[in-house]
Amino acid sequence: MTDYIDEEKNDVEESSGIDFRLIWSIIVLNWYWFIISAVICVGIGYLYLRYQHPAYQASTKVLIKDESNTGSKGAQGMDLEQLGIINNTNGFDNELEIISSAAVATRAVKALKLYVAYSIDGRMSTSEMYKTSPILVDLEESRLELLNTTVPIDFEKLGKDKVRVHISLPSKGDSPDVLTRDLSSFPCVVHTKVGKIMFSRNPGYDLPERTFHAVIYPPVLMGRTYARRLHAEPTSKMTTVAVLSIVDTSFERAQDYLAQLVKSYNEDANEDKNEVAQKTEEFIAERIEVIQGELGETEGRIEGFKRSNELTNLPTDATAALSQSTEFQKKQVEIQTQMSLVKSLLDYVQNPTNSLTLIPANIGMSNESANAMIRDYNTKVLNRNRLIRGSSESSPAVVQVTDEAQALWEAVGQQLRAIYRDLEVQKNSIDNQYALFAGKVSNTPTQERAMNDMGRQQQIKASLYLMLLERREENYISLISTANKARIIDEPQYDGQVSPKSRLILMASLILGLLLPLIIFYLRELLRFRIEGRDDLEKATKIPVVADIPLTDKLLDGERAIVVKENKNNMMEEAFRNLRTNLRFLLGSDEKVICCTSSVPSEGKTFVATNLAMSLALLGKKVIVIGLDIRKPRLVKLFGLPKNKHGITSYLAADKADFDLLEEQIVKGVMNPNLDVLPAGIIPPNPGELITRDLLDRAIDYLKTKYDYILLDTPPVGLVSDTFELARLVDVTFFIVRSEVTTKGDVEMINRLVKEGKLPKTNIVFNGINLKKKRYGLYYGYGKYSGYKKYGTYYGRYGHYGSYGHYGDSSSSGAHIEK
């Protein structure tokens with residue numbers, strides 16, 4: 001018998017995966033639940049698709065000009081990056097970060113007024129309105145920047161052009177302050193604690209009958225939201241073309257946003273570029289005002305000098321000397337002009353408050369090295385300002401650019417000081433030459449020399465004034481002709497709906513609807529702790545199952561407890577005939593004692609023992625049923641025997657084996673001439689000691705001589721050990737397992753008892769099978785196609801009347817004769 005246990009262990013290990021047979025039986029037996037679940041889940045999926053706001057994707061392709069490498073070389077082609085002054089990063093990646101930043105997104109949100117969201121109530125949910133709201137809402141710009149919470153606004157139609165507005169304003173309590181106004185003329189303004197809210201009509205759209213809503217969000221919050229939803233990536237590593245895409249519940253809004261985002265990005269970039277021109281314009285305007293005043297003063301001095309001296313023409317003496325002195329005078333003018341420009345820039349650079357600000361460029365300074373260094377410095381400052389708008393000053397990228405700009409600031413100052421010293425040396429040399437030739441014209445009248453000095457000053461101021469005017473015009477042209485940094489290659493286009501995916505959701509709903517009942521029923525099967533069907537029993541043990549006993553109607557004491565009747569041919573008869581037939585193959589030639597036991601009470605051991613005895617008696621065999629369940633006897637009540645206190649305990653309590661006394665305890669011919677019953681008798685105080693006495697062994701040996709079969713109704717093994725004591729008398733053990741009563745733990749106990757060899761020739765009788773349940777009808781083959789009225793023609797795996805033969809009519813004596 002231990003071989004069965006070893007085989008069971010191996011089978012359990014092999015069947016540890018998915019039980020496809022169980023899955024198939026679940027599908028067949030509960031097919032309608034699968035259909036119901038699939039219909040419900042698909043319906044839920046349809047409703048989800050019906051009322052879920054779809055999300056669409058729009059994209060555009062943008063060319064971004066990469067100017068990160070311009071200006072990285074100084075005068076004479078000197079590479080500043082190699083000198084360690086400049087360390088450029090990937091400029092295109094930086095531009096992608098800028099165009100994806102919340103600052104640029106907020107700028108686009110403000111331009112399109114996307115910080116106000118509109119919706120209208122539907123039958124089941126609200127629907128968004130983009131450009132179709134009959135009333136447009138806005139908040140004054142000065143208070144819009146200070147807004148830090150949402151402002152919901154509800155509209156109710158009162159008339160053709162009249163609405164009632166409910167404005168929910170923030171409050172210190174849990175509930176908002178609601179401000180209600182009736183509006184009939186547009187545009188109009190409502191004064192609130194968050195600022196002036198402006199209302200205007202949207203031409204072409206009438207007021208709806210249903211309630212519609214508007215919500216004012218902080219622009220910064222909406223900018224961050226759109227920035228998170230934007231996806232920017234380069235088309236390849238070799239180009240500066242980026243693909244911008246965004247997902248929105250309105251594809252028209254998504255297209256408008258992408259177009260405006262590029263415009264806002266260009267505006268932001270152009271403001272950075274124009275900042276240099278604006279600084280230069282301010283510097284030139286300031287210098288023009290100063291030079292204009294000095295030039296007017298010089299011209300006034302000349303006019304006053306001539307008027308006071310009544311001069312109209314100057315002598316032409318010392319022409320040659322005067323010509324040389326004039327030549328050096330021109331050089332003095334050029335040197336003084338350059339010194340004035342350099343001195344002005346040097347004063348600007350030496351002012352600590354101007355650090356990390358833009359230096360005026362392109363003002364006429366002749367030193368190209370200094371001009372190139374100023375351009376490099378301005379480029380760095382612009383890059384630093386743009387990075388600061390997308391991150392903090394403490395970020396590594398900003399710190400690096402700041403250090404580079406600071407280094408260039410100091411280098412520019414050193415360069416300007418060196419240039420100024422060089423100009424001073426040149427001026428001293430020219431002054432010396434001029435003094436040499438001026439001495440040659442010492443005889444020139446004092447008036448003429450004074451006129452020359454004043455004329456020279458006038459010429460210097462006039463040339464400087466004209467140069468500044470020219471530079472201002474050039475700066476104006478540069479300011480107006482600033483090129484955009486980004487250019488749209490492909491206009492924003494609709495890419496399709498991205499969510500919800502209708503086919504995917506409907507397919508997932510269908511699959512979920514089919515899987516949900518399967519999982520529930522499968523888990524229910526896995527979590528069952530009681531033996532419910534034959535398949536459960538076969539999985540739990542490999543001990544042979546010799547019979548399957550159907551569930552009978554509610555039993556009563558007496559004749560209804562015995563379901564096996566003479567001249568009957570129903571399913572219950574066939575079940576016990578099958579058990580009877582299998583019993584003949586289990587017993588040896590001299591073996592007659594059969595033990596019927598169970599794990600716990602109410603599993604049907606007494607029912608099986610008595611009906612098996614009746615079936616054997618109907619076969620013409622002499623049978624006796626002995627009630628050895630002394631602690632809880634039932635045979636007297638079951639068979640309706642007289643309560644005369646006779647029984648096996650009266651014999652076992654005797655001092656010696658008196659077979660006459662034993663015969664007195666036996667009730668002869670109970671319900672059949674071949675069936676005798678030896679009830680338990682009086683319940684003794686020591687039942688465990690009585691069944692261990694040799695008198696019981698002698699009684700069994702005596703009864704073997706008189707009966708063909710001896711059936712012992714023993715106590716449940718899960719409660720007391722009496723059955724183990726009786727095992728010495730038993731030839732075959734029938735362990736009764738009842739459907740939906742016996743637990744899987746009880747079957748494990750049976751396996752352990754068999755492995756330990758405590759019960760001889762153990763076989764299982766599966767009792768109480770409810771064939772009305774579909775799962776059992778599917779297994780055993782019963783159903784509406786039966787020939788047995790209610791229970792069915794086929795008897796499971798035992799074929800037609802079992803696999804061991806056919807039974808015919810009973811004789812007049814009541815004995816069943818096997819054909």
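The values are calculated or read from the model by the stated rules, or taken from the named source; none is laboratory data. Computed from a predicted model, the values in this text were never measured in an experiment. Methodologically, a virtual Cβ is constructed for each residue, glycine included, from the backbone with ideal geometry; neighbour enumeration extends over all protein chains shown. Note: areas computed on protein heavy atoms with side chains; ligands, DNA, RNA excluded. Shrake-Rupley method; radii C 1.70, N 1.55, O 1.52, S 1.80 Å.
Apply the a/c threshold of 1.5 to the C-alpha gyration tensor of the range 349-395 and tell me whether it is rounded, prolate or oblate.
Judged from the Cα gyration tensor, the range 349-395 comes out prolate (a/c at least 1.5, a/b above b/c).
Given H placed 1.01 Å from N in the peptide plane, which residues other than close sequence neighbours of ASP495 have an amide H under 5 Å from its amide H?
HN-HN under 5 Å from ASP495: GLN57, ALA58, SER59.
At most 14 other Cβ atoms within 10 Å and a DSSP loop assignment: could you name the trypsin sites (Lys or Arg not before Pro) in the range 454-525 that fit?
Filter output for the range 454-525: LYS501.
Students often get this wrong, so check it: of LYS273/LYS427; LYS539/LYS637; LYS605/LYS704, which have C-alpha atoms separated by over 28 Å?
Pairs exceeding 28 Å: LYS273/LYS427; LYS539/LYS637.
When ranked by the protection proxy of mean other Cβ atoms within 10 Å per residue, highest first, what sequence do the peptides 633-640, 365-372 form?
In descending order of packing, they fall as 633-640, 365-372.
Work out from phi, with θ = phi - 60° and the Karplus expression 6.51 cos²θ - 1.76 cosθ + 1.60, the ³J(HN,Hα) of each residue of the range 350-361, listed in order in whole Hz, and give x for Gly and Pro.
Once θ is set to phi - 60°, the couplings for the range 350-361 become 6, 7, x, 6, 8, 4, 6, 10, 6, 9, x, 10 Hz.
Quantify how much of the Cα-Cα distance distribution of the range 154-225 extends past 18 Å, in percent.
47 percent
What does the highest-first list of 376-388, 49-61 look like by mean Cβ count within 10 Å?
376-388, 49-61
Over the range 566-672, with the other protein chains present, what is the accessible area per residue in square angstrom, probe 1.4 angstrom?
Accessible area per residue, the range 566-672: 39 Å².
Check each of the trypsin sites (Lys or Arg not before Pro) in the range 641-734 and keep only those in coil by DSSP with at most 10 other C-beta atoms within 10 angstrom; list them in order.
LYS643, LYS656, LYS668
Rounded, prolate or oblate for the range 524-604? Axes are the square roots of the Cα gyration tensor eigenvalues, ordered a ≥ b ≥ c, and the cut-off for rounded is a/c under 1.5.
oblate
Please compute P(r) over all alpha-carbon pairs of the range 645-759, binned at 5 Å starting from zero, and give each bin as a whole-number percent.
P(r) over the range 645-759, rounded to whole percents: 2, 9, 19, 22, 18, 14, 10, 5, 1, 0.
For the range 85-231, what is the convex hull (Cα atoms) projected area averaged across all directions, in square nanometres?
Averaged projected hull area, Cα only: 12.6 nm².
Show me, for the range 753-763, the HN-Hα J-couplings you get by feeding each phi into the Karplus relation (A = 6.51, B = -1.76, C = 1.60, θ = phi - 60°), rounded to Hz, glycine and proline as x.
3J(HN,Hα) across the range 753-763, in whole Hz: 5, 5, 5, 7, x, 7, 10, x, 6, 6, 9.
Considering the alpha-carbon set of the range 189-291 alone, what are its Rg and its Dmax in angstrom?
In order Rg, Dmax, the Cα atoms of the range 189-291 give 21.8, 71 Å.
Quick one: which residues, 5+ away or cross-chain, put their amide H under 5 Å from the amide H of THR733? H built at 1.01 Å from N.
Residues meeting the amide H criterion: CYS595, THR762, ASN763.
Please report, as a whole percent, how much of the solvent-accessible surface of the range 490-617 comes from carbon and sulfur atoms (probe radius 1.4 Å).
Reported share for carbon and sulfur atoms: 59 percent.
For a quick check: with amide H placed at 1.01 Å from N, whose amide H comes under 5 Å from THR249's, ignoring anything fewer than 5 positions away on the same chain?
Under 5 Å from the amide H of THR249: TYR56.
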